[in-house]
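Heads up, the thing below is written out as structure tokens.
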Amino acid sequence: MTSPPASHLSAFQALVPSRRHTLRWILPIVLVLLFLTTLIWLPRQAQQMESNERQEQLIADSLWVEQAIRFQLSRDDESMRLVANDIVSDHLKPDHFHSRITALLRNNHEFYRVTWFDPEGRALASTDDVTSTRHDLSVASQQAEHYSQAIGRPLYSAPAASPGVGEPVVMDYHVPLFRGRQYIGSLVTSYSTVSVLNEMVPWWFAQDNEITLTDTDDKMVAQRTAGGPGLNVYTHQRELELPGLTLRLHTNSTKSAPKLLPNLLVGSVIVLALGLIWSLWALWRDINRRTKAEGALVNEVTFRSAMENSLVTGMRARDLEGRITYVNPAFCKMVGIPANELVGKIPPMPYWVPEAMDEYQERFANVLAGRVTPQFETIFQRNNGERFPVLIFESPLVDQHGRQTGWMGSMLDITDRKRAEDLNRMQEEKLQASARLASMGEIASTLAHELNQPLAAISSYTTGALNMMHKGSLDPASLQPALEKINSQAQRAGHVIRSVHQFVKKRAPSRQPVSIKSLVDNVTPLIELQAQQFLVVLQSTIPVNLPDVLGDAVLLEQVLLNLTRNAIQAMAAVPPERRILRLLATLERDSATAQERITVSVIDHGHGIAPEVAAGLFSPFFSTKADGMGMGLNICRTTIEFHGGTLSYTDNPAGGTIFRFCLPILSVKFVPVSAAQSAIQSTTPPATPL
């Protein structure tokens, strides 16, 4: 086989780049055509959607107006039937008829005339004060009266003008009067069709629509055009069914068709068109993922029963009365009781711990009342009496018809997790002690400087006293000011040393009633040592009447020291007049739990916290300082959470950052360890939480 000539090979190599270049041009052209197509289609689609929306709104409003007219006519009919009943029962005489009906017409302007006819068709009483007969009614009204008398029920007549009168067009409502089986006359109520539209159609609907009443032959009997004639763009027709009469309510909107180009910015359309391409691709990718996930879910559902039996999580189902209806093998293994001894049992359960019986009974009462805690921890006991902690998830059990038939609970044996948490607390305590020692290294130099001042003052006052004694002019009263100043400076130095000693002393945490006021007073000397280096002014606002909190004083002092140290260092680069550190304590009520708590705020005017730093602010070993360990805020949050509180931060509106930690106040009944906690501690090693 011979090789191709060199000239052909060169032509082929030149053709490949040419095709690639053509492809680069075709793709943008296709995208531009797609964009133009979208640009043309989108306004038309928006126009159609707006048109459909207006038509649907017109239909809904027309239905409401039709129902309003029907409801008002029904109320008027009921009023006329009550008048007819009074006439039949002889409670209403012709002399009082006019006054009775006039009061009714005063509030119902749709009435044109109300007439009481005797059996011969003569008017016994009328609101017109004009003597009339049945022959003064229209032919349609006379026919309606004949039918009404024949069937013994009230009927409407077709709208028509009275003989010899062109206006107004009225429809008569005939109520036959029977005393026993004897026909004694009729009560005729004439409605002005124009007044029906004017009084019963809301003004806001009439401003936007032309309303027309027609008979079944589309002959107009009344029209209202308060907002002008309709444009025949949006129209709707509804049947108004009345006893013996059918009318048609036509609505013709005065709104024109929507413009082809809506009030959208062209730039928005372009961005949406370009974003549509990307969203279609993302949607296609998401649909594929969802399809795969749904397929996997369908396959998993078919094996649900087998999976329940192989789960290590205990499953327990109860009916609405609290009776156990199902337990899986994992639950039976967990409590050491076979399923046949558990199914059908009602409280108290054999796996309940005697010392926590009150807690179980309270939770069971809440279950019967429909108040279920979705997740909680408690203690169970095995058949051999061994106690173990469990984490329970409770949720309603619903059948295929959506009705709740009971409650489904899943149980996890968290003995190993509790031990891991205890070990983690011990490690955090050691790390906290290391952090305290590291903190003391930072303030060692300033501590030496601060102690030099009271020591120098003591030396100076002592030298002066000795000089007075050597001169022989010793006056005991003159030595008292010097001795008082020596005592004050010595107490100041001792207070600083005791604060540092208590702070760095390693010991197990103890929770005792602690006053926030005394807590801040104890740590203030250490805060002032750091504040003097950076020329920061410390301002404290701590009310003296705040209730106590339950906690470890030294751990809470470390939280204050860490937060204030960060605040002082954050103000190192700001002007001296802005270097103000504020400590504020307030008593607040938690809106979620309705419990009172004390909130301590550390407010600085520093550089603030950048968004990229905020994401990992409380993460371990995350620090923005070159020599920082990244554990200060993490330890602070763990300490506050151990005390049942929360630690958070917000931006200071005046510049800087506000760190807040909230602690629940000490309740009246102080119980250090609950019965449930004692049971857990009897089966798990003791832990020292941080």
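The values are calculated or read from the model by the stated rules, or taken from the named source; none is laboratory data. Source: prediction; values computed, not measured. Note: ideal-geometry Cβ built from the backbone for every residue, glycine included; neighbour counts use all protein chains shown. Keep in mind that these areas ignore ligands, DNA and RNA; they rest on the heavy atoms of the full protein, side chains included. Shrake-Rupley method; radii C 1.70, N 1.55, O 1.52, S 1.80 Å.
Among the residues of the range 322-336, those that are open to solvent by 10 Å² or more (accessible area, probe 1.4 Å) and under 26 Å from ASP416 (Cα atoms) comprise VAL327, PRO329, ALA330, CYS332, LYS333, MET334, GLY336. The residue that is least open to solvent (accessible area, probe 1.4 Å), counting only those in the range 203-214 that are modelled with pLDDT under 85 and not aromatic (Phe, Trp, Tyr), is ALA206. If you check ASP590 against the conditions, is it acidic (Asp, Glu) and under 30 Å from ARG425 (Cβ atoms)? So ASP590 passes the test. Check whether at least one residue in the range 481-498 is at pLDDT 70 or above and under 28 Å from ILE665 (Cα atoms), and report yes or no. Checked against the condition, which is being at pLDDT 70 or above and under 28 Å from ILE665 (Cα atoms), the range 481-498 yields no hits at all.
Counting the residues of the range 511-558 that are of a type in the set (A, V, I, L, M) and either modelled with pLDDT under 85 or closer than 19 Å to ARG578 by Cα (or both) gives 12. Checked against the criteria, VAL372 counts as of a type in the set (A, V, I, L, M), modelled with pLDDT under 85, outside any helix (DSSP H, G or I) and surrounded by 14 or more Cβ atoms within 10 Å (Cβ to Cβ). Scanning the range 99-120 for residues that are touching an Asp or Glu at 6+ places or on another chain (Cβ under 9 Å) and part of a loop (DSSP other than H, G, I, E, B) yields ASN108, HIS109, GLU110.
Could you check the range 111-138 and list, in sequence order, the residues that are at pLDDT below 80 and crowded, with 16+ Cβ neighbours inside 10 Å? Residues satisfying the conditions are SER132, ARG134, ASP136.
Please verify whether GLU377 is touching a residue at least 24 places away in the same chain (Cβ under 8 Å), within 30 Å of GLN558 (Cβ to Cβ) and outside any strand (DSSP E or B), treating the condition exactly as stated. No; evaluated as a whole, the condition is false for this residue. When the range 577-624 is limited to residues that are open to solvent by 80 Å² or more (accessible area, probe 1.4 Å) and closer than 21 Å to ALA531 by Cα, the one that is modelled with the lowest pLDDT turns out to be THR624.
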